[in-house]
Amino acid sequence: MKKKILCLLLAVLMLAPLMAGCSQTGTIESINEEASRFTNTLNVWLVTESKLVADASAVILKGITPQKEEHKTLTDEEKAVVAAMTEEQKAAWYQVWEVSEGVNKLTKAKYKTKLNLKFYLESDYYAAVEAAFKKHEESIAAGNVTVENKTEETVLNEYGIPELKYPSVADYEVDILFVGNYEKYNNYVKNKWLVDIRSHLSAAAVKLGSYVSLSYLTSAAVDGSVYALPNNHGVGEYVYVLADKKLLDSYNSDLTGATLYDTAFRDYLDYVYATYTDSNKVYPIYSESGKIDLDYAHYWGYDFDTAAGLAVQNPGQFNIFGDNNYNKTELGNTNLLTDAAYMKALANKTHYEKTEAYLTQDPDVPAAIRVVKGGWEMKAAYEAKGYEVMVMQYPTLNDDEVYSSMFAVGAYTVSDERSAEILTFLNTNAEVRNILQYGIENTNYTLESVEIDGKTYSYAKPTRDNIYVMDVDKTGNVFLTYPSSADEVLRWEYEKQQNLEMIKYPTLGLSFSSQYKIDEKNVRVMNAVSEKLAAVIANMTTAAEVEALYANACSNAASDRYMAIMILDYIGTEVTYTMNGETHTVDADALREALKLMAQTTPDEPKTGEEALQSPYYLYYDWAVRNEIIVVKNPGLA
């Protein structure tokens, strides 16, 4: 049933761009109005870059406000707090209050909702959020059950005019919170601290679908539920290969579609290396890092130690088992030492990096090709300079990109529905986004303009007295904010184009079924051995050495034991791994068992309980089947 509900929501989101032209806006507005009949107060937990902002926020949330100072209603104790402020602290106090009032003017008018903005430095943020959740749980255990704090009451303001009354909420109430990494997201889901927001977002699907990439929305799913709304932002960067057209023409061969790891490309680079020497030296390759990365390998390794209690994907760390992920939606599993394409690419990489005077890090010397990284706009810029530009790698949406910037609804919120509406507002309304990011116009920033190619663009320039500082990636949909400088006015346009060309990493959103557990012992064995073997390969100086490793691996491929002995011979030193505080030595038998486990793609038979240990690939396979990435050919294996 969960899967059907998720599919229904995603179907609505997919139809959003088509529905945007229909008469749906009125329907959404009606839903919002119906949900906003009562006033409500929510706590919003945010990360700031400024200690002054965090400190000012704490003072305001205690009820010590510039408004009370203006109306001379501060108590003697509160007056003492204000009197102790430095000029800078008092300026921050005023500015944070004005930001809060600016945001609330919008949320009160649209949703009859007051927001208590709780700002923390990132170094303090997660500890504060987690302490609040625990305190709320203690309150519930004591019999204090949270109920929706809605009201229709009015009160008389200082001018005798009736206005809506907004109820107070406990300081530990977590209604809306920022989540900035996979570990926190996963742990909060495990602790049942977050609300499944699928059904709440479905009412706003039309609006969200026009502002937030569907890939973001689907990626935050855990076991069919969605616990956070990722903030839309520019994803990754391109890896370009810039070819010197004159040299390429002199070679008289078309390399269109080839990669650096193809024989055709290596032959061309070897031609340049042999032909242009001494006084007319042309390096085959320029790379700023001095490396040619193997960008297309996915490794089946997992990290057990960085995040307590979690097995975290480690697809970029060399492992003996993996697959080529280039242009794939579905991954396989193989011993890479016996994979012809992988080992050929590794041999070429070694050839390029280890051959003397083959690769340069000097940007000012001639080079047949230049490997550079950058944004969407760089392609046209390099073409204008006369380069033939080939895209080696497209921007990739991966877990780090998704989980680095999200907003969620706390499980003990006073209103799931109202909190979800505010999340939608942050991701679809430019006015509230710019206040939350930059503050108040003409107080915290001025709106400046610059003309480019006959078109005028606006950007936000901080005022001299501005104290309010926020990270644009931690306050909502990035593309709704003003650029931060004249040099950046086209950045959002470039990144929007970039996102249209981005690709999804094949394991994006991978989550394990709760009925299976990863075989930690054998994965730790393989991690330890792979780390040692990676060092051996890194010390190889010629393609021939890599090719010899491939030949040896192929000759031993029929036997896990022979493969284990061969690998340990290459490593040549004692290999150990640590598990549950104990250190163990890896011998041929232990490695043989690990090789057998890592090669597993489907279980021999259904397993339960302690017997439900699985290979990293099978956990992926099971997830891919559940999400219909892999279509099961034999249902008996699923």
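The values are calculated or read from the model by the stated rules, or taken from the named source; none is laboratory data. Remember, predicted model here, so these are calculated numbers, not experimental data. No Cβ is skipped: glycine too gets one built from the backbone with ideal geometry, and neighbour counts run over all protein chains shown.
The set of residues in the range 519-577 being within 37 Å of the chain's Cα centre (by Cα), among the charged types (D, E, K, R) and assigned to a helix (DSSP H, G or I) consists of GLU520, LYS521, ARG524, GLU531, LYS532, GLU547.
Yes or no, residue by residue, for (1) in contact with a strand residue (DSSP E or B) (Cβ under 6 Å, 6 or more places away or on another chain); (2) of a type in the set (A, V, I, L, M, F, W, C):
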{"position": "VAL489", "(1), (2)": "yes, yes"}
{"position": "TYR494", "(1), (2)": "no, no"}
{"position": "LYS504", "(1), (2)": "yes, no"}
{"position": "SER514", "(1), (2)": "no, no"}
{"position": "VAL523", "(1), (2)": "yes, yes"}
{"position": "MET526", "(1), (2)": "no, yes"}
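Of the residues making up the range 120-164, those that are surrounded by 14 or more Cβ atoms within 10 Å (Cβ to Cβ), modelled with pLDDT under 95 and not in a helix (DSSP H, G or I) are THR146, GLU148, ASN149, LYS150, THR151, LEU164.
Considering only residues that are in a strand (DSSP E or B) and of a type in the set (Gly, Ala, Ser), which ones fall in the range 327-379? Steps first, please.
So the first thing to find is which residues in the range 327-379 are in a strand (DSSP E or B), and the list is 334-335, 359-360, 367-374.
Passing the criteria: ALA367, ALA368, GLY374.
Rundown of residues vs (1) surrounded by 19 or more Cβ atoms within 10 Å (Cβ to Cβ); (2) out of contact with any Lys or Arg (no Cβ under 7 Å at 6 or more places or on another chain); (3) closer than 30 Å to LYS192 by Cα, yes/no style:
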residue: GLU356; (1), (2), (3): no, yes, no
residue: ALA367; (1), (2), (3): yes, yes, no
residue: ALA381; (1), (2), (3): no, yes, no
residue: ALA384; (1), (2), (3): no, yes, no
residue: MET390; (1), (2), (3): yes, yes, no
residue: TYR394; (1), (2), (3): no, yes, no
residue: TYR412; (1), (2), (3): yes, yes, yes
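A count restricted to the range 88-112 and to residues that are under 20 Å from ARG464 (Cα atoms) and either polar (S, T, N, Q) or touching a Cys at 6+ places or on another chain (Cβ under 9 Å) (or both) stands at 2.
Only one of VAL450, VAL489, VAL525 is over 30 Å from THR41 (Cα atoms) and in contact with a Pro (Cβ under 6 Å, 6 or more places away or on another chain). Can you tell me which? Write out each step before concluding.
Values: VAL450 fails: in contact with a Pro (Cβ under 6 Å, 6 or more places away or on another chain); VAL525 fails: in contact with a Pro (Cβ under 6 Å, 6 or more places away or on another chain).
The unique qualifying residue is VAL489.
LYS461 meets each of the listed conditions (1) part of a helix (DSSP H, G or I); (2) more than 30 Å from LEU208 (Cβ to Cβ) apart from (1). Only residues that are in a strand (DSSP E or B) and either of a type in the set (A, V, I, L, M) or closer than 23 Å to ALA131 by Cβ (or both) were counted in the range 391-427, giving 8.
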